[in-house]
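The values are calculated or read from the model by the stated rules, or taken from the named source; none is laboratory data. No experiment lies behind these values; they were computed from the predicted model shown. Don't worry about glycine lacking a Cβ; one is built from the backbone with ideal geometry, like all the others, and counts go over all protein chains shown. Side chains are part of the model used for accessible areas, which takes the heavy atoms of the whole protein and leaves out ligands, DNA and RNA. Shrake-Rupley method; radii C 1.70, N 1.55, O 1.52, S 1.80 Å.
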Amino acid sequence: MIEELGENLRERHGRLFLYEGDFEPVWAQNIWRAPKLIEFTSIASAAKELRAVQRNWKLHPGLTSHRRASLIEQQLPTIRFKAQVFPAPAPRASLGAWTLLDTNKMLYSAECSSPFPDGEVGFVENKVEPPSRAYLKLWEIFILESLPAKGARVLDLGSSPGGWTWVLDQLGCEVVSVDKAALAQSVPWSKRVKFINESAFALDPKAVGKVDWLFSDVICYPERLLQLVQNWLSAGLATNFVCTLKFQAPTNHEIAREFLKIAGSRLRHLTCNRHELTWTLIRS
Ligand SMILES: C[S@@+](CC[C@H](N)C(=O)[O-])C[C@H]1O[C@@H](n2cnc3c(N)ncnc32)[C@H](O)[C@@H]1O
């Protein structure tokens with residue numbers, strides 16, 4: 001985050017970064033789009049200011065004045081954040097965020113980029129069926145963007161042990177699942193899943209044919225992934241893309257910018273992404 005913001009970074013308060021500039025950092029989990037800094041005289045007046053703007057607020061735990069923040073919070077309407085059940089859509093109600101920067105200084109934003117508290121999606125997890133926790137990344141993208149339709153033809157590259165293939169199979173997609181390692185045997189894969197034991201980079205798009213969605217969670221340099229995406233784009237054989245960019249240290253911010261040059265695409269740091277970003281191009 002610090003590297004991405006560079007000279008635009010003004011202040012850091014724990015996980016909250018204040019920056020200048022008309023851009024949205026891709027490593028941010030939640031962007032406060034209309035921040036306001038106010039000085040307040042009492043706990044009641046701070047709560048009143050927030051209530052006057054809108055109903056729903058989430059306190060971002062700051063580095064200071066925790067007791068005062070909690071007293072303000074008690075004077076705001078209570079929100080029960082329920083765990084998200086896939087595939088229910090993301091909440092529509094606007095959720096504002098606020099924090100105390102000092103005893104009498106409050107920073108708040110009614111408009112935020114994420115409808116989830118602090119941008120973190122807490123799913124009701126399935127700890128039994130999927131063979132890896134990676135399925136949570138697809139669930140998150142699908143509720144934020146859109147779902148592949150039942151019967152859609154999808155390609156899952158770097159699929160093993162099969163978390164993403166499991167999600168796609170459950171959705172009723174025709175899945176071409178590709179990995180150099182085998183899919184988990186513990187999962188009763190449906191007949192819709194066709195496994196190809198090969199390198200994603202050795203696949204000829206023309207041999208695979210048209211796919212509605214191309215997924216890649218392959219462990220590889222992002223430069224190599226970009227080449228693969230460009231091959232598929234120029235072949236005109238894939239409509240939608242969801243790909244994980246896996247970074248080594250130091251982070252290659254330049255390649256992230258190259259991905260963003262692909263018109264209509266976006267990059268996100270999902271709740272379950274570690275030193276990775278998820279690139280999407282959703283066109284249908
Ligand atoms: C992070 S795991 C994928 C997890 C998977 N998406 C899931 O949900 O379970 C990365 C996978 O990339 C595979 N991989 C690495 N190089 C590959 C290549 N050249 N072609 C295909 N798969 C590759 C690895 O075998 C590994 O299974």
Residue satisfying condition, being surrounded by fewer than 18 Cβ atoms within 10 Å (Cβ to Cβ) and touching a residue at least 24 places away in the same chain (Cβ under 8 Å), within set Lys58, Lys36, Lys82: Lys36
message: Going through Ser216, Ser190, Ser177, Ser186 one at a time, which residue ends up being touching a Pro at 6+ places or on another chain (Cβ under 8 Å), closer than 16 Å to Trp164 by Cα, in the same structural domain as Phe142 (by TED's automatic domain parsing) and hydroxyl-bearing (Ser, Thr, Tyr)?
response: Ser186
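Per-residue answers, yes or no, for (1) farther than 29 Å from Asn30 by Cα; (2) not small (Gly, Ala, Ser):
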{"position": "Ala149", "(1), (2)": "no, no"}
{"position": "Val154", "(1), (2)": "yes, yes"}
{"position": "Glu174", "(1), (2)": "yes, yes"}
{"position": "Ala184", "(1), (2)": "yes, no"}
{"position": "Val193", "(1), (2)": "yes, yes"}
{"position": "Ser199", "(1), (2)": "yes, no"}
{"position": "Lys206", "(1), (2)": "yes, yes"}
{"position": "Leu228", "(1), (2)": "yes, yes"}
{"position": "Thr239", "(1), (2)": "no, yes"}
- request: Return yes when Gly151 is open to solvent by less than 20 Å² (accessible area, probe 1.4 Å) and at positive phi and no when it is not.
  value: no
From the options Asp156, Asp212, residue that is open to solvent by 60 Å² or more (accessible area, probe 1.4 Å), modelled with pLDDT of 95 or more and in contact with a Ser or Thr (Cβ under 7 Å, 6 or more places away or on another chain): Asp212
query: Restricting attention to region 94-131, and to residues there that are open to solvent by 30 Å² or more (accessible area, probe 1.4 Å) and among the hydroxyl-bearing types (Ser, Thr, Tyr), which single residue is farthest from the ligand (Cβ to nearest atom)?
result: Thr103
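Each row is one residue, and each column tells you yes or no for (1) more than 24 Å from the chain's Cα centre (by Cα); (2) among the charged types (D, E, K, R); (3) within 13 Å of the ligand (Cβ to nearest atom).
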| site | (1), (2), (3) |
| --- | --- |
| Ser146 | no, no, no |
| Val178 | no, no, yes |
| Ala182 | yes, no, yes |
| Val187 | yes, no, yes |
| Asn197 | yes, no, yes |
| Phe201 | yes, no, yes |
| Ile219 | no, no, yes |
Members of region 220-256 found to be over 23 Å from Met1 (Cβ atoms) and either surrounded by fewer than 17 Cβ atoms within 10 Å (Cβ to Cβ) or not hydrophobic (A, V, I, L, M, F, W, C) (or both), listed by number: Arg224, Gln227, Gln230, Asn231, Leu233, Ser234, Ala235, Gly236, Leu237, Thr239, Asn240
